[in-house]
């Protein structure tokens with residue numbers, strides 16, 4: 001097990017990456033032609049998909065790294081750089097191209113179901129989210145560690161579920177400026193976490209420099 005401060009850092013980091021408030025305008029845009037029941041169905045499928053993707057990542061992510069011969073220190077640096085790029089986009093109140101490209105955005109408009117693609121992945125459970133889960137899973141060991149990380153993933157999924165449920169209410173009382181401010185704050189937090197990942201990876205790769 002890790003210290004509880006590390007688990008709190010993971011919880012805040014995942015919330016920052018998923019950015020449930022920031023995804024509201026995209027969700028409204030993608031579901032604008034759906035009725036209330038169809039919108040609820042999309043939000044449910046998207047939430048369950050995010051939960052499933054992140055739990056699979058938790059238990060299989062490290063094995064995948066070993067399969068491809070990738071060291072965890074290299075992944076720390078790569079994952080940290082990925083999160084840093086996302087954080088920089090968020091601090092400019094933009095949707096990172098890492099999450100969704102312009103081509104994916106255009107393609108999603110013609111799809112009958114957008115719950116899994118692009119909502120669940122790559123918007124919510126994208127490369128940055130998956131990288132964070134793998135990195136934190138590797139930090140500890142034992143059943144209790146994986147149970148706590150799993151509960152953190154569940155908590156983030158429940159938060160996402162609640163935000164989707166209250167989208168009509170939230171969209172009335174939170175302006176685009178408010179969403180942008182929240183996104184920038186989350187971007188700043190994410191930037192700090194990404195620097196820690198990069199520093200940890202460099203320390204592991206080049207111990208003589210420390």
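The values are calculated or read from the model by the stated rules, or taken from the named source; none is laboratory data. Bear in mind that the values here come from a model prediction, so they are computed numbers and not experimental data. Neighbour counts are summed over all protein chains in view; Cβ atoms, including those assigned to glycine, are modelled from backbone coordinates with ideal geometry.
Quick look at the numbers
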read-out: Selected residue [at negative phi, buried (at least 16 other Cβ atoms within 10 Å of the Cβ) and either touching a residue at least 60 places away in the same chain (Cβ under 8 Å) or outside any loop (DSSP other than H, G, I, E, B) (or both)] from 81, 55; value: 55
read-out: Residue within segment 147-170 that is on the phi > 0 side of the Ramachandran plot, at pLDDT below 95 and not in a helix (DSSP H, G or I) present; value: no
read-out: Test: residue in segment 186-193 that is surrounded by fewer than 17 Cβ atoms within 10 Å (Cβ to Cβ) and part of a helix (DSSP H, G or I); value: yes
read-out: Yes/no for residue 116 being modelled with pLDDT of 85 or more and within 22 Å of residue 48 (Cα to Cα); value: yes
read-out: Residues (surrounded by 17 or more Cβ atoms within 10 Å (Cβ to Cβ), over 10 Å from residue 14 (Cβ atoms) and touching a residue at least 60 places away in the same chain (Cβ under 8 Å)) located in segment 127-138; value: 130, 134, 135, 137
read-out: Residue list for segment 24-49, restricted to those being outside any helix (DSSP H, G or I) and either at pLDDT 95 or above or touching a helix residue (DSSP H, G or I) at 6+ places or on another chain (Cβ under 6 Å) (or both); value: 31
